Amino acid sequence: MDNQAIASVFEEMARLLEFKGENPFRIRAYVNGAQAIRQLEEPVAAILKDPQRDLAKIPGIGKTLVEKTKVLVETGGLPQLETLREEISPVILAMSRIPGLGAKKAVRLREELGIESLDDLRAACQDGRVAKLKGFGPKSQEGILEGLSIAEQAAKRMRYAGADRLVDTLDQHMRSCPAVKRLEFAGSYRRGRETVGDLDLLVVAEDHAAVMDHFEAFPQRSQTIMRGDTKISIRVDAAFQVDLRVVAANQFGAALQYFTGSQAHNIQVRKLAIAKGLKVNEYGVFPDGSEDSITGGDEAEVYEAIGLPWIPPELREHRDEFKWAEKKTLPKLVELDDIVGDMHMHTDATDGQNTLEEMIEAAIDRGLQYIAITDHSQRVSMAGGLDAARASAQWKKIAKLRDRYAGQIQVLTGIECDILEAGGMDLPDDVLAMADWVLGSIHYGQKQSREKITERILGAIENPHVDCIAHPTGRLINRRPSYEVDMHAVMDAAKAHKTFLELNANPARLDLNDEHLAMARKRGIPIVISTDAHSIANMDLLRYGIVQARRGGLTAAQIANTHAWSDWPSLWK
């Protein structure tokens with residue numbers, strides 16, 4: 001079991017213990033342990049094997065968690081987690097999301113009716129079994145049926161791009177309200193998380209009622225969940241929740257910091273404040289024992305009060321940001337305007353929607369200096385992948401087009417070449433040697449063992465004609481998990497063989513994830529942010545890759561395609 005999997009187990013333990021109402025100190029121990037393990041630059045298993053090392057000496061990992069980590073490494077499972085899962089099954093968690101149902105009733109439904117899925121619950125409502133249970137009745141049954149769609153939607157977090165589109169629409173709607181003096185979105189959306197569970201909106205306004213009335217008039221609102229004096233919550237479309245809070249102008253910065261999170265980041269902020277004799281909350285910064293705030297209107301001033309510079313929201317996960325802030329070495333994170341090239345795109349020669357010329361001209365319109373055309377290789381037959389002859393023909397066409405576009409953009413010959421299930425590349429080396437840029441990628445055999453997947457990728461990295469590994473973990477957010485792969489081994493090999501790694505900016509992928517990007521950054525591996533565009537419109541997906549890169553702490557210097565193409569060989573240090 002690798003570090004990420006172990007951290008995920010501890011995070012799940014924390015969630016389930018919180019659901020049971022367990023001791024918050026015990027819950028926090030698991031949260032802290034998960035964070036510490038995620039940040040390790042070497043496998044936990046290697047530390048445990050070394051008799052000279054003590055995992056318990058790593059901050060955040062106590063002796064109890066060390067023992068559980070040993071069990072996870074040796075057996076791949078944790079009995080305590082299995083017990084909790086049995087006590088609080090996923091279906092109970094899912095049912096508890098139905099408005100008005102709650103955990104106790106969810107447990108009863110499972111125990112008395114044998115409910116094991118939301119589909120089972122729907123069937124039990126439709127045939128009247130729920131109404132016959134004591135304490136439920138026909139009205140409860142009807143409410144459960146109505147709430148099932150909400151529970152099904154709420155079980156899924158919205159991908160960042162979907163939340164971003166909603167934010168854009170909602171932002172325009174709310175800024176048209178004359179009562180709004182200031183407005184910012186907070187929460188996981190502001191931190192750039194790849195999925196968003198709900199939206200938090202902070203507003204400064206004197207006329208609270210006018211703001212809330214305008215909020216309720218949002219065309220996509222499907223339901224008002226609650227409305228108070230300073231807070232209102234609505235559902236948008238089927239189930240997505242948006243919370244709006246009206247705050248005073250002199251509290252806005254403190255509220256923005258607090259509601260942006262993350263929880264772990266805010267806990268550390270409060271610890272640093274306590275050490276300075278201060279208290280920080282959503283209302284401001286207060287001397288200990290005083291009710292008079294010393295600041296709170298501006299977020300930067302909240303950080304300044306505890307001796308830190310303002311920290312970009314994407315970094316607020318309690319990883320490296322406090323170390324950087326305290327040393328005054330916070331990185332200048334990469335921005336969209338830094339990007340000068342796109343190294344992964346498809347044309348209608350395979351599964352793209354636009355011609356070669358259309359993609360080139362769209363790249364010129366976007367101010368890019370260079371692009372690589374990387375249609376699929378022959379293994380991706382469903383996309384009409386290119387064999388050696390078709391690839392060669394496309395590259396000859398690109399060579400002829402270069403004169404037409406000289407002085408406007410540099411067009412590189414490329415291929416997204418599949419890494420075959422048995423290992424090796426989909427096209428011969430002598431063909432790959434003719435291309436300017438070769439992406440190696442896995443599309444088939446994704447359920448192979450961790451050892452086999454890793455072996456395939458390492459083989460591609462070691463191939464002298466493969467320049468970059470595309471979407472290295474193969475995940476599709478909310479649809480397909482990453483395949484099993486040893487990312488430590490992949491990154492070590494990439495560094496040794498000077499093979500670039502891709503951050504695929506498609507919001508369904510965002511692969512590499514933020515934690516892997518941080519791993520690559522610490523190893524000095526240049527990252528290529530690519531759109532994987534299958535149409536002209538897809539070329540605008542680059543901004544989602546930028547958000548992900550910022551979460552990984554990457555600067556422009558650490559991104560290959562912020563540099564001139566001629567400078568790429570010098571990026572390896």
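Here the helices (runs of 4 or more DSSP H) wholly within the stretch 175-278 that include at least 3 residues being modelled with pLDDT of 95 or more and among the aromatic types (Phe, Trp, Tyr) are 252-260. Within the stretch 314-324, the residues that satisfy the criterion of being at pLDDT 95 or above and of a type in the set (Lys, Arg) are 316, 323.
Comparison of 429, 436 shows that the only residue that is farther than 24 Å from residue 513 by Cα, acidic (Asp, Glu) and surrounded by 15 or more Cβ atoms within 10 Å (Cβ to Cβ) is 436. The set of residues in the stretch 325-353 that are at pLDDT 95 or above, outside any strand (DSSP E or B) and open to solvent by less than 40 Å² (accessible area, probe 1.4 Å) comprises 325, 331, 334, 339, 340, 343, 344, 346, 347, 349, 350.
Residue pairs whose Cβ atoms lie under 6 Å apart, separated by 6 or more positions or on different chains, with the first residue in the stretch 301-313 and in a helix (DSSP H, G or I) and the second open to solvent by 30 Å² or more (accessible area, probe 1.4 Å), are 303/310; 313/190. Take residue 392 and tell me if it is of a type in the set (Gly, Ala, Ser), surrounded by fewer than 22 Cβ atoms within 10 Å (Cβ to Cβ) and within 27 Å of residue 407 (Cβ to Cβ). So residue 392 fits the description; yes. Take the residues in the stretch 97-120 that are touching a residue at least 40 places away in the same chain (Cβ under 8 Å) and surrounded by 17 or more Cβ atoms within 10 Å (Cβ to Cβ), then tell me which one is nearest to residue 18 (Cα to Cα). Looking at the filtered set, the residue picked out is 97. Applying the set (1) without any contact (Cβ under 8 Å) to a residue 12 or more places away in the chain; (2) part of a loop (DSSP other than H, G, I, E, B); (3) among the basic types (Lys, Arg) to residue 156 leaves exactly one unmet item: (1).
Contact map, the stretch 335-357: residues that are in contact (Cβ under 8 Å) with a residue 40 or more places away in the chain and farther than 15 Å from residue 537 by Cβ paired with residues that are open to solvent by 50 Å² or more (accessible area, probe 1.4 Å) and among the polar types (S, T, N, Q), Cβ distance under 6 Å, separation 6+ or inter-chain. Pairs shown: 340/369; 341/369. Would you confirm whether or not the stretch 358-374 contains a residue that is in a loop (DSSP other than H, G, I, E, B) and farther than 30 Å from residue 408 by Cα? No - not one qualifying residue is present in the stretch 358-374. Being small (Gly, Ala, Ser) and assigned to a loop (DSSP other than H, G, I, E, B) is the filter here, so list the residues in the stretch 544-566 that pass it. 552, 553, 564 - these are the residues of the stretch 544-566 that are small (Gly, Ala, Ser) and assigned to a loop (DSSP other than H, G, I, E, B). Against the conditions (1) more than 30 Å from residue 481 (Cβ to Cβ); (2) of a type outside the set (S, T, N, Q); (3) out of contact with any strand residue (DSSP E or B) (no Cβ under 8 Å at 6 or more places or on another chain), residue 421 satisfies every one except (1). Scanning the stretch 99-120 for residues that are in a helix (DSSP H, G or I), touching a helix residue (DSSP H, G or I) at 6+ places or on another chain (Cβ under 6 Å) and within 18 Å of residue 149 (Cβ to Cβ) returns 106, 118. For the stretch 526-538, the candidate set comprises residues that are open to solvent by 10 Å² or more (accessible area, probe 1.4 Å) and among the hydrophobic types (A, V, I, L, M, F, W, C); within that set, the residue that is farthest from residue 317 (Cα to Cα) is 536.
Could you tell me which residue of the stretch 256-271 is surrounded by the most Cβ atoms within 10 Å (Cβ to Cβ), considering only residues that are of a type in the set (A, V, I, L, M) and over 12 Å from residue 190 (Cβ atoms)?
That would be 269.
Look at residue 461 and say whether it is more than 22 Å from residue 481 (Cβ to Cβ), surrounded by 15 or more Cβ atoms within 10 Å (Cβ to Cβ) and within 30 Å of the chain's Cα centre (by Cα). Taking the combined requirement at face value, the residue satisfies it.
If you check 259, 215 for being touching a residue at least 60 places away in the same chain (Cβ under 8 Å), touching a strand residue (DSSP E or B) at 6+ places or on another chain (Cβ under 6 Å) and either within 28 Å of residue 312 (Cβ to Cβ) or of a type outside the set (Ser, Thr, Tyr) (or both), only one passes: 259. Would the stretch 541-548 turn up any residue that is open to solvent by less than 30 Å² (accessible area, probe 1.4 Å), farther than 16 Å from residue 336 by Cβ and in contact with a Ser or Thr (Cβ under 9 Å, 6 or more places away or on another chain)? The answer is no; no qualifying residue exists. Considering each residue of the stretch 241-248 in turn, none proves to be under 16 Å from residue 206 (Cβ atoms), β-branched (Val, Ile, Thr) and surrounded by fewer than 19 Cβ atoms within 10 Å (Cβ to Cβ). If the condition is being open to solvent by 10 Å² or more (accessible area, probe 1.4 Å), assigned to a loop (DSSP other than H, G, I, E, B), without any contact (Cβ under 8 Å) to a residue 60 or more places away in the chain and touching a strand residue (DSSP E or B) at 6+ places or on another chain (Cβ under 9 Å), then the stretch 506-525 contributes 506, 509.
Residue pairs whose Cβ atoms lie under 8 Å apart, separated by 6 or more positions or on different chains, with the first residue in the stretch 284-297 and on the phi < 0 side of the Ramachandran plot and loosely packed, with under 13 Cβ neighbours inside 10 Å and the second at pLDDT 95 or above and assigned to a loop (DSSP other than H, G, I, E, B), are 288/277. If the condition is being surrounded by fewer than 20 Cβ atoms within 10 Å (Cβ to Cβ), of a type outside the set (Lys, Arg) and in contact (Cβ under 8 Å) with a residue 24 or more places away in the chain, then the stretch 18-31 contributes only 19.
Checking each residue in the stretch 483-505 for being open to solvent by 10 Å² or more (accessible area, probe 1.4 Å) and more than 18 Å from residue 449 (Cα to Cα) picks out 492, 493, 495, 496, 497, 498, 500.
For beta carbons closer than 8 Å, sequence separation of 6+ or different chains, a first residue in the stretch 36-53 that is basic (Lys, Arg) and a second that is in a helix (DSSP H, G or I), the qualifying pairs are 38/3; 38/4; 38/7; 38/515; 53/47.
Number of residues in the stretch 121-139 that are in contact (Cβ under 8 Å) with a residue 12 or more places away in the chain, part of a helix (DSSP H, G or I) and open to solvent by 20 Å² or more (accessible area, probe 1.4 Å) equals 2.
The values are calculated or read from the model by the stated rules, or taken from the named source; none is laboratory data. Everything numeric in this text was worked out from a predicted model, so none of it was measured. So basically every Cβ, Gly included, is an ideal-geometry build from the backbone, and we count neighbours across all protein chains shown. Surface accessibility is based on the protein's heavy atoms, side chains included, excluding ligands, DNA and RNA. Shrake-Rupley method; radii C 1.70, N 1.55, O 1.52, S 1.80 Å.
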